[in-house]
Amino acid sequence: MCLENIRKSDVEVYDLIKAEERRQYDKIRLIASENYASAAVMEATGSVFTNKYSEGYAGKRYYEGQQLVDQVETLAIERAKALFGAEHANVQPYSGSPANLAVYFALLKPGDKVMGLALPHGGHLTHGWNVSITGAYYQAVQYGVSETTHLLDYDAIREQARRERPRMIIAGATAYSRIIDFAAFADIAREVDAMLLVDMAHIAGLVAGGVHPSPIPHAHVVSTTTHKTLRGPRGGMLLCRADLADAIDKAVFPGLQGGPHNHTTAGIAVALKEAAQPEFKAYATQIVKNAQALADELMARGFRVITGGTDNHLVLVDVTSKGTRGKKLAKVLDRCGIVCNMNTVPFDPRKPFDPSGIRLGSAAVTSRGMKEAQARQIAAFIDRATTLIDDLDAQARLQEEVKEFCKPFPAPGIVVE
Ligand SMILES: *Cc1c(COP(=O)(O)O)cnc(C)c1O
């Protein structure tokens, strides 16, 4: 990125940005929600659209001077609709959590019952978890995965929905490594007369690339972030049927937000164009292959991978089988140049702040052009790290090795001298 001006005016922030570029270049980034946005996406996000106020929607704004903002937002909307085959798109949510809250505000009354996947089973805070506003202002009940298979059990979810009669069912996850059967969720929702919200934040890029079935034909509303596998700027998006368009738009603005972040909208438009290219399909396909190679190699090395593999970008690993714990290993891995997060595994006997597992995602390394061979090497690095838990020198040596390993794989949006 061109940082000449910031270098002259604010060397403290300049130094931090340069160091963060270096960190993102030198490390194997396996946080499942992260990626590398392209230089084009970042240029749009850093553009003069950040200067503009635009409360309202194209053609119905509360401020003048919208000639170009209207066009950029319309472009983003049309691209979103075309890419996902949706009747309506709202690209204004500031991020995934506000996007979800807007859906609650649009479709429910406070106190209405919602049913989402429990956080410790891979759900998101905004799916009705008790510390979230969605758990505090709505009556939330939670479903889980099967105790034996760790898979979503659609018969059990149906039974629970029949009993609970929620107004809205939420499908989607942050730590579920298998295909989600959106048609099954739609069938359950229909039977109990509930609305269906599908939150595809993690897998939006896989849906766009055609490697995960689309929720669009099945859900009343689909929410997503734009910055995970979809590889856009940080933002949120809502897709819905035409009959809900008005309610959704009103809930986002003026219901929940003020002026949209137009610079982000421009970045989303650029990312959506990228996601419609043939190369994006190849990227999405490779994401899954890489996650599967990573999972296979980890299992071959004695790690317990939850559900025995993956269908998407994500691998959930119980590391207690290797004599360590999620928090400890995640910290060791970070010192070795491999960045991930600790994570609970389903029915985790350990506490959420010191859980049994780690969560790995293959999107960012795939964006760097890594393939199955590199994914297997990454598993070998992770395995080696489990033997270096108390050896800071060996961890530092592994970090140097990781840095060399990363070098041949250019990181989108980052040029290091
Ligand atoms: C990441 C995520 C969100 C929240 O997105 P933020 O941009 O962090 O607010 C919501 N739902 C799911 C399933 C997610 O994975």
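The values are calculated or read from the model by the stated rules, or taken from the named source; none is laboratory data. What you are looking at is a predicted structure, and each value in this text was computed from that prediction instead of being measured. In this analysis, Cβ positions are derived from the backbone assuming ideal geometry, glycine residues included, and neighbour counts consider all displayed protein chains. Protein only, heavy atoms only, side chains kept; ligands, DNA and RNA dropped before computing areas. Shrake-Rupley method; radii C 1.70, N 1.55, O 1.52, S 1.80 Å.
For residues that are more than 25 Å from D153 (Cβ to Cβ), within 10 Å of the ligand (Cβ to nearest atom) and either of a type in the set (D, E, K, R) or crowded, with 24+ Cβ neighbours inside 10 Å (or both), tally how many sit in region 99-128.
Number satisfying all stated conditions: 1.
Is it the case that region 164-179 has a residue that's closer than 21 Å to L108 by Cβ, within 14 Å of the ligand (Cβ to nearest atom) and not hydrophobic (A, V, I, L, M, F, W, C)?
Scanning region 164-179 turns up at least one residue that is closer than 21 Å to L108 by Cβ, within 14 Å of the ligand (Cβ to nearest atom) and not hydrophobic (A, V, I, L, M, F, W, C).
Can you confirm whether L388 is assigned to a loop (DSSP other than H, G, I, E, B) and either surrounded by 17 or more Cβ atoms within 10 Å (Cβ to Cβ) or of a type in the set (A, V, I, L, M, F, W, C) (or both)? Walk me through how you get there before you give the answer.
Working: assigned to a loop (DSSP other than H, G, I, E, B): yes; either surrounded by 17 or more Cβ atoms within 10 Å (Cβ to Cβ) or of a type in the set (A, V, I, L, M, F, W, C) (or both): yes.
So L388 passes the test.
Here's the yes/no breakdown for (1) open to solvent by less than 40 Å² (accessible area, probe 1.4 Å); (2) without any contact (Cβ under 8 Å) to a residue 60 or more places away in the chain:
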position: I216; (1), (2): yes, no
position: T225; (1), (2): yes, no
position: L239; (1), (2): yes, no
position: L256; (1), (2): no, no
position: P278; (1), (2): no, yes
position: K289; (1), (2): no, no
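Let me spell it out: the conditions are (1) in contact with a strand residue (DSSP E or B) (Cβ under 9 Å, 6 or more places away or on another chain); (2) within 29 Å of A364 (Cα to Cα); (3) not hydrophobic (A, V, I, L, M, F, W, C), and H212 meets all of them except one. Which number is the exception?
Condition not satisfied by H212: (1).
Every residue in region 28-59 that is within 16 Å of the ligand (Cβ to nearest atom) and polar (S, T, N, Q), please.
Listed by number, the residues that qualify are S33, N35, T45.
Restricting attention to region 66-94, report how many residues are within 17 Å of A204 (Cβ to Cβ) and touching a Gly at 6+ places or on another chain (Cβ under 7 Å).
Selection size over region 66-94: 2.
Restricting to region 167-218, name every residue that is under 21 Å from the mean Cα position of the chain (by Cα), part of a loop (DSSP other than H, G, I, E, B) and among the acidic types (D, E).
Within region 167-218, just D181 meets the criteria.
Would you be able to say whether some residue in region 60-81 is in a strand (DSSP E or B) and open to solvent by less than 50 Å² (accessible area, probe 1.4 Å)?
If we filter region 60-81 for residues that are in a strand (DSSP E or B), which is where we start, we get 60-61.
Still in the list and also open to solvent by less than 50 Å² (accessible area, probe 1.4 Å): 61.
Yes.
Just the residues that are open to solvent by less than 40 Å² (accessible area, probe 1.4 Å) and closer than 18 Å to T229 by Cα, please, taken from region 84-98. Walk me through it before giving the result.
Within region 84-98, the first condition is being open to solvent by less than 40 Å² (accessible area, probe 1.4 Å), and the residues that meet it are 84, 86, 88-93, 95-96, 98.
Residues satisfying the conditions are F84, V91, P93, S95, G96.
Only one of D354, D334 is in contact with a Lys or Arg (Cβ under 9 Å, 6 or more places away or on another chain), open to solvent by 10 Å² or more (accessible area, probe 1.4 Å) and in a helix (DSSP H, G or I). Can you tell me which?
Values: D354 fails: in a helix (DSSP H, G or I).
It is D334.
Scanning for something under 21 Å from V145 (Cβ atoms), touching a residue at least 40 places away in the same chain (Cβ under 8 Å) and open to solvent by less than 10 Å² (accessible area, probe 1.4 Å), does region 177-188 turn up at least one residue? Let's see the steps before the verdict.
Here is the first cut: in region 177-188, the ones under 21 Å from V145 (Cβ atoms) are 177-188.
Filter again for touching a residue at least 40 places away in the same chain (Cβ under 8 Å), leaving 177-179.
In the following step, the residues that additionally are open to solvent by less than 10 Å² (accessible area, probe 1.4 Å) were identified as 177.
Yes: one or more hits.
Taking the criterion of being touching a residue at least 40 places away in the same chain (Cβ under 8 Å), within 18 Å of the chain's Cα centre (by Cα) and more than 16 Å from the ligand (Cβ to nearest atom), would at least one residue in region 60-83 satisfy it?
Checked region 60-83: at least one residue is touching a residue at least 40 places away in the same chain (Cβ under 8 Å), within 18 Å of the chain's Cα centre (by Cα) and more than 16 Å from the ligand (Cβ to nearest atom).
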